[in-house]
Amino acid sequence: MKKFFTLIAVVMMAVCAQAQEKVLFAPDGTYGNGATLTTENTKLVLGNDRTTKNYDLKLASAKAYCAGIFGQQVMVENSETGEMEEKTRIVYVVGNQNPKDGELDGDKSAGSGYKPESGNLPQSGTYYMITPSKDGHITAYIVLNADKNLYVAKASDGSCLSVSELTVKRDADEAETVQLSEDFKVAEKVNGTLEFNVVANETYYVFCTGSKLSFGGYVFEEFGEVEPLPEGEKVPIDITSGWSTWQETESVEYNADGTMTFNSAEWGGLAKWLGGRDLSGYDYLVVEYAEPTTVVTQLFVQFAAEGDNAITKQANPGATYVFINLNDERATAVNQIALQAAAPSTIKISAMYYIKKPGGEEPPIEDGDKVNMIDNFNYTWNQAETIERTEDGSIIFTTAEWGGLAGWFAPDDQPSDWSGYSKIVFEFAEPTTVNTQILVSDGANNVATAWGEPGINKLECSFAGKDLSKVAQCALQTSAPTVLKVTAIYLVKQGGESGVETIKAQEALNGIRYNLSGQRVSDTYKGVVIQNGRKFIQK
């Protein structure tokens, strides 16, 4: 039996913006000290490079990523024919002096290079000043040499944006994110883009120390108005345990102050499996951040329904919260809630909660009495696997890759009726180290399934919207060899009451006895036996 679970890939959209403005250099332009380029909401000013010479104007060939953002049609001489031909190029400028904090000394920059600890902004040399009139996001074209400190510093106090607030990408057919070191350097030369968020009416100095940063203009995207947080009665979501990620480089930290820190990879995700839980009694799902985000974040809700089964909501960089409207007919069965990030980032979450519908009933988290089923799981389907029953009633299951621990619930080929139950639950003594999956079958097809990421202590399989009137088999399988100590397996009755008083398989097994190794024994066996979940010494 192979797993059939498919991770839902949610496509992130571009940064939601109300306006986009582009600042580019003209291929026949002249740009000297203090040259200014303006649009409706932004202004670019070139630094004081030299008094007797303008910034050098150059053309760069571009691949698909940068060509699509900054490319211009310009006339270029064909080296073979000598004729002028129209080509797509990026027009950029570069100065002649390194940026320093003193005034020009003749034609040379003077003083010292910028230091974050002192905030000594450049006064001469090659640097670029960007001033927006609205909050937004800058994507600039740069050519950055290796082992040079790249800074974006604020004029108001001389402080520079942190490494986590800067994104550098190399030009290619698709953008390639380049990691900045802690001292703002790249290991290899980058021809590509620099991205960062800006605040209205702040001036940002863009430059690198010990070098002359080439600059090819920028795109400014204005952030739209932020929707206010919805009001209503809050129902907290636990952020102290039970969350998983789906990339190996990601991690979750549960902090002593009750917050949660999510270390995300590009397009990574923080997720909680709900196993088909009914969220129809809520209006909203809300995530609040302890600190403004530095990347686009996206909240999504995955439904148990087939097909296009997710709704999403994005928040721009700088957000302090994101929320999603749960007024969807599919919210009666939610498999998963998750938070994604558009780029590597550290996101500190201060709170998560649902907001109840006015006058509505809160959907139950645990909905009914439990019916113990652990004694019904007595066989595996891989010869390399073993079952050992411990004195406390747990099962130590040594599994192979895609092996399974199973129970048969169709005595005399008569399937059991589980329609009065809301779910089946497996609990583990220790967090799992591999993917796990519950499969409930009618003998021909899987009628209900649930998927568990590594690191969980409990896996639930919801029956919401499923036909559980005929159940022949239930199994737990794993994606890789491991040892699981299963401490409990139980069905949960719907709403605490059920028309199904007993399960046929349970009735059929009432007289069956097992030793502590899970082997079936007769009534003449001497020693500790288990019958109907009860242990006693048979003499």
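The values are calculated or read from the model by the stated rules, or taken from the named source; none is laboratory data. Because the structure is predicted, anything quoted here is derived from the model rather than measured. Glycine also receives a Cβ, built like all others from the backbone with ideal geometry; neighbour counts cover every protein chain displayed. The protein model used for the area step is the full one, side chains on, heavy atoms only, and it has no ligands, DNA or RNA in it. Shrake-Rupley method; radii C 1.70, N 1.55, O 1.52, S 1.80 Å.
Residues in the stretch 26-52 that are in a strand (DSSP E or B) and either in contact (Cβ under 8 Å) with a residue 40 or more places away in the chain or crowded, with 17+ Cβ neighbours inside 10 Å (or both): how many? Outline the logic, then answer.
Pass one, the stretch 26-52, residues in a strand (DSSP E or B): 36-38, 42-46.
When the remaining residues are screened for being either in contact (Cβ under 8 Å) with a residue 40 or more places away in the chain or crowded, with 17+ Cβ neighbours inside 10 Å (or both), the result is 37, 42-46.
Adding up the residues that qualify gives 6.
Can you pull out the residues in the stretch 375-414 that are open to solvent by 40 Å² or more (accessible area, probe 1.4 Å), assigned to a loop (DSSP other than H, G, I, E, B) and either over 28 Å from residue 433 (Cβ atoms) or not polar (S, T, N, Q) (or both)?
Across the stretch 375-414, the qualifying residues are 381, 384, 391, 392, 401, 414.
Mind checking which pairs have a first residue in the stretch 53-64 that is more than 16 Å from residue 32 (Cβ to Cβ) and a second that is surrounded by fewer than 17 Cβ atoms within 10 Å (Cβ to Cβ) and among the β-branched types (Val, Ile, Thr), Cβ under 9 Å, 6 or more apart or different chains?
Between residues of the stretch 53-64 that are more than 16 Å from residue 32 (Cβ to Cβ) and residues that are surrounded by fewer than 17 Cβ atoms within 10 Å (Cβ to Cβ) and among the β-branched types (Val, Ile, Thr), the close pairs are 59/76; 61/88; 62/88.
Take residue 87 and tell me if it is basic (Lys, Arg) and open to solvent by 60 Å² or more (accessible area, probe 1.4 Å). Please lay out each step first, then the result.
Working: basic (Lys, Arg): yes; open to solvent by 60 Å² or more (accessible area, probe 1.4 Å): yes.
Answer is yes for this residue.
Hand me the list of strands (runs of 3 or more DSSP E) wholly inside the stretch 149-194 holding 1 or more residues that are surrounded by fewer than 16 Cβ atoms within 10 Å (Cβ to Cβ) and in contact (Cβ under 8 Å) with a residue 40 or more places away in the chain. Don't jump to the end; show me each part of the working.
Working: elements: 149-154, 167-170, 176-178.
In the stretch 149-194, the matching strands (runs of 3 or more DSSP E) lie at 176-178.
Considering 200, 175, 187, which residue is over 19 Å from residue 343 (Cβ atoms) and among the aliphatic types (A, V, I, L, M)? Explain how you work it out, then say what you get.
Values: 175 fails: over 19 Å from residue 343 (Cβ atoms); 187 fails: over 19 Å from residue 343 (Cβ atoms).
Unique residue meeting the criteria: 200.
For the stretch 103-148, what are the residues that are aliphatic (A, V, I, L, M), open to solvent by 20 Å² or more (accessible area, probe 1.4 Å) and under 15 Å from residue 205 (Cβ atoms)?
121, 129
Of the residues 429, 464, which single one is under 18 Å from residue 397 (Cβ atoms), open to solvent by 20 Å² or more (accessible area, probe 1.4 Å), in contact with a strand residue (DSSP E or B) (Cβ under 7 Å, 6 or more places away or on another chain) and among the small types (Gly, Ala, Ser)?
Only one candidate passes the filter, namely 429.
Any idea which residue in the stretch 300-354 is modelled with the highest pLDDT, counting only those that are in a strand (DSSP E or B) and of a type in the set (Lys, Arg)? Walk me through it before giving the result.
Filtering the stretch 300-354 down to residues in a strand (DSSP E or B) leaves 300-303, 310-315, 321-325, 334-341, 345-354.
Restricting the remaining residues to those that are of a type in the set (Lys, Arg) gives 313, 348.
Details: 313: 88, 348: 95.
It comes out as 348.
Taking the stretch 294-317, which residues are buried (at least 21 other Cβ atoms within 10 Å of the Cβ) and out of contact with any Lys or Arg (no Cβ under 8 Å at 6 or more places or on another chain)?
Matches in the stretch 294-317: 294, 295, 296, 297, 301, 302, 315, 316, 317.
Restricting attention to the stretch 198-206, does a residue exist that is open to solvent by 40 Å² or more (accessible area, probe 1.4 Å) and acidic (Asp, Glu)?
At the first step, the residues of the stretch 198-206 found to be open to solvent by 40 Å² or more (accessible area, probe 1.4 Å) are 199, 201.
With the extra rule that they be acidic (Asp, Glu), the set shrinks to none.
Looking through the stretch 198-206, none of the residues is open to solvent by 40 Å² or more (accessible area, probe 1.4 Å) and acidic (Asp, Glu).
Please specify each residue of the stretch 222-244 satisfying the condition of being touching a residue at least 60 places away in the same chain (Cβ under 8 Å), of a type in the set (A, V, I, L, M, F, W, C) and part of a loop (DSSP other than H, G, I, E, B).
226, 229, 237, 239 - these are the residues of the stretch 222-244 that are touching a residue at least 60 places away in the same chain (Cβ under 8 Å), of a type in the set (A, V, I, L, M, F, W, C) and part of a loop (DSSP other than H, G, I, E, B).
Taking the stretch 53-70 as the search range and keeping residues that are under 35 Å from the mean Cα position of the chain (by Cα) and part of a loop (DSSP other than H, G, I, E, B), which one is surrounded by the fewest Cβ atoms within 10 Å (Cβ to Cβ)?
61
Name the residue that is nearest to residue 21 (Cα to Cα), counting only residues in the stretch 207-221 that are open to solvent by less than 30 Å² (accessible area, probe 1.4 Å) and part of a loop (DSSP other than H, G, I, E, B).
Filtering the stretch 207-221 for residues that are open to solvent by less than 30 Å² (accessible area, probe 1.4 Å) and part of a loop (DSSP other than H, G, I, E, B), the one nearest to residue 21 (Cα to Cα) comes out as 213.
Across the stretch 434-452, what is the total count of residues that are within 18 Å of residue 397 (Cα to Cα) and assigned to a loop (DSSP other than H, G, I, E, B)?
The total comes to 2.
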